[in-house]
Amino acid sequence: MVPTMRKVLLLINPSRAHTRGILTGIAKYARIEGHWAFYRPLEYREPKATRKLLSVLAAIKPDGILMREPPEIEEIIKTGIPTVCFPYTRERFAGVANVITNHILVGEMAAKHLLDRGLKRYAYCGFDDWWWSRLRGEGFRRTVAKAGLETLFYKLPRVKSKRSWDKELPIIADWLRKLPKPIGLMTCNDDRGELVIEACKIGGVQVPDEVVIVGVDNDQLICDLSSPPLSSVVLGVEKAGYEAAALLDKIMGGESPIDQEIYIQPVRVVTRQSTDVLCIDDADVVKAVRFIRQHAKMPIQVDSVVAAVFLSRRVLEKRFRTALGHSIHEEIRRARIEQIARMLTQTQMSISEIACSLGFADVAHISRYFRKEKGMSPLKYRKDYLGR
């Protein structure tokens, strides 16, 4: 028996990498599992449309809706049509399923990325009038505080007319000039990161030598247009899109309650030139760390690192802990884990092929090694990053 074709209304604008990732996950689910016909009304895409969205809704009579936040969102919710929402002006909407980003963890991941650079000063530049930006900043601040350090926060101009790109640029440049340096700085998203990099140019501040910057969303176009290219936190938006489509399918079929939640988790940081630096005063420790990262594909031992810098093991261990707060062995493990993560997300190699390539005895060994740091198996990590 041929399954009934379901009409699904898509009210998600594909103009940003974030929403394109969500739509990619939705499309993947529909292609594999769903028997759907998508509707993206011109009335929603065109700001001067003559027909109102609610009238389009009445004409189409969709079985379900996947939406960001159209102006008519409250009225759409009242229709009772099965809906999954990707909110951004607030954390969630009542009466529908919501896809929510774990903003605290996003800030934590950005902070850990900068802490690994050996920095001792930190700052955050976001939008203090947006709740999601404040949460990312709080996650960043908490993680930096655990290392015994302080975070300096940029404050938006009180006068809203000064918040446009061109008028805020010199204000941010002045703030950047006054910051202690070198400093690690998180921006709430990639657009903000691009603006900060431009402000650094105006202020005569060098990136990454003086300010080390990481953004959020990994919007490749924005990150690569930035000069230098911007490092960024990757969010599992494609996976969330897939899971949102699967949830909508269940709600339309009467299998799930309408008010469930799905979380978008940070996956990893893509390192580009804006954070490609080691801000460590000890030249021997810098040399050791670079050796470890350059040989992350090999099963190197502590003695190999010691031999590369011509110091005794006892002296290098002591200086390592002073500069970075952890051991040589721990740095090797971190570098190896990040190498595994890159191969999982940037290649089509099987887990066994990755294990063999990196010198692990078998899949079980690499899985135990990876799970201890990431809290999940390599296979789950790959699925979370790429979607299903």
Hydrodynamic radius by Kirkwood for segment 21-172, inverse mean 1/r across distinct Cα pairs, in Å, is 18.9 Å
Within segment 113-182, DSSP-loop GluC sites (Glu not before Pro) with at most 14 other C-beta atoms within 10 Å are GLU150
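What number, rounded to the nearest 500 deg cm²/dmol, is the helix-based mean residue ellipticity at 222 nm of the chain, given -39500 (n - 2.57) per DSSP H run of at least four residues and division by all its residues? Write out the running numbers ahead of the final one.
Working: 17 runs with 192 residues, N = 388.
Dividing the helical sum by the residues of the chain leaves -15000 deg cm²/dmol.
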Segment 283-382: relative contact order from alpha carbon pairs under 8 Å, six or more residues apart, as a whole percent, is 25 percent
Cross-link reach from LYS78 to aspartates and glutamates, straight Cα distance under 18 Å and at least 8 residues apart if same chain, gives ASP63, GLU69, ASP259
Mean Cβ-within-10 Å packing, highest first, puts peptides 328-338, 85-95, 224-234 in the order 224-234, 328-338, 85-95
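Any idea what the dipole of segment 101-180 comes to, in debye rounded to 20, about its Cα centre with Lys/Arg Cβ at +1 and Asp/Glu Cβ at -1? If you can, show how the numbers build up before the last one.
Numbers: 17 positive and 9 negative charges, 37 e Å.
Dipole size: approximately 180 debye.
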Treating every alpha carbon of segment 103-256 as one equal point scatterer without solvent, the Debye formula yields log10 I(q)/I(0) values at q = 0.18 Å⁻¹ of -1.03
So the angle from the long Cα axis of helix 165-178 to the longest Cα principal axis of the chain, reported in degrees to the nearest 10, equals 20 degrees
Scoring the chain by relative contact order with C-alpha pairs under 8 Å, at least six apart, yields a percentage of 16 percent
Looks like segment 86-166, by Cα gyration tensor root eigenvalues a ≥ b ≥ c and the a/c under 1.5 rounded cutoff (else prolate when a/b is bigger than b/c, oblate otherwise), is oblate
The aspartates and glutamates whose Cα lies under 15 Å from the Cα of LYS383, excluding any fewer than 8 residues away in the same chain, are GLU238, GLU243
In whole µm²/s, the translational diffusion coefficient that Stokes-Einstein assigns to the chain, given a Kirkwood hydrodynamic radius over C-alpha pairs, 25 °C and 0.890 mPa s, equals 107 µm²/s
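Could you sort the peptides 358-364, 111-117 by per-residue average Cβ neighbour count (10 Å cutoff), highest mean leading? Write down the numbers at each step before the final one.
Working: 358-364: 14.3, 111-117: 21.1.
The most tightly packed comes first, giving 111-117, 358-364.
Volume per residue, Å³, of the convex hull around the alpha-carbon atoms of segment 154-194? It would help to have the intermediate numbers written out before the result.
Working: hull volume 3.3 nm³, N = 41.
About 81 Å³ per residue, rounded to a whole number.
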One finds the C-alpha centres of segment 263-340 and segment 160-188 to be spaced, in Å, by 31 Å
Reduced to Cα centres, the span from segment 341-358 to segment 108-151 in Å works out to 31 Å
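Order these peptides, 236-243, 285-292, by their mean beta-carbon neighbour count within 10 angstrom, highest first.
On the way: 236-243: 24.8, 285-292: 19.9.
My ranking of the peptides, most packed first, is 236-243, 285-292.
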Bounding extents of segment 283-382 in its principal axis frame from Cα atoms, largest first in Å, are 39, 22, 22
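Any read-out appearing in this document is the output of simple, stated calculations on the displayed coordinates, not a laboratory observation. As the structure is a prediction and not an experimental result, all values here were calculated from the model. Neighbour counts run over all protein chains shown; Cβ positions are idealised from the backbone, glycine included.
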